Amino acid sequence: MKKILILTLALIMCLGCFAACTTKDEGATLAEAVEYLRSIYKDNAKETASDYDVVGKIVIGDTTFAVTWTTDNAAITVKESTKKGFYTIDLPAKNDAVVEYKLTATVADVNGATETLTFDRALPVYDASAIVAKP
């Protein structure tokens, strides 16, 4: 009787292991990619004084989503980064007033469906008084 009970429990444990090994073949959704992008950049500093890089694509499992970045201010441009798969937000070197802008990310899947995210950002005033010439 004990042997039958032990063999039954061992069989149940083995079947449980195989059941846990199954994977979903569905792939990631566009909403998951957008939420992932939001989680990456939601806590970034609103004010940034120098150029910075942002992702150009999101890979979740076997699914790749393209990310395109734009700004609503002509003084701030988006260009290809020296890092593969990234874009650089190019900020002006000197400015007399705070420049507020909206950074917009458009996430696209392979079928052409898109969703956008907007982040409020600002470029602080350039302070020349902090620069001290060497004697």
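What the table below lists for this structure:
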read-out: Tally, over region 52-94, of residues that are touching a Ser or Thr at 6+ places or on another chain (Cβ under 9 Å), under 23 Å from Asn111 (Cα atoms) and open to solvent by 80 Å² or more (accessible area, probe 1.4 Å); value: 1
read-out: Any chance Thr88 is in contact with a strand residue (DSSP E or B) (Cβ under 7 Å, 6 or more places away or on another chain) and of a type in the set (Ser, Thr, Tyr); value: yes
read-out: Candidate set: region 37-51, residues that are part of a loop (DSSP other than H, G, I, E, B) and in contact with a strand residue (DSSP E or B) (Cβ under 9 Å, 6 or more places away or on another chain); chosen: the one most open to solvent (accessible area, probe 1.4 Å); value: Lys42
read-out: Tally of residues being assigned to a loop (DSSP other than H, G, I, E, B), within 26 Å of Phe65 (Cα to Cα) and in contact (Cβ under 8 Å) with a residue 12 or more places away in the chain across region 92-128; value: 3
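The values are calculated or read from the model by the stated rules, or taken from the named source; none is laboratory data. For clarity, every value in this text was computed on a predicted model and none was experimentally measured. Ideal geometry is used to build each Cβ from the backbone, glycine not excepted, and the neighbour counts take in all protein chains shown. Ligands, DNA and RNA are stripped out before the accessible areas are found, and what is left, the full protein with its side chains, is counted by its heavy atoms. Shrake-Rupley method; radii C 1.70, N 1.55, O 1.52, S 1.80 Å.
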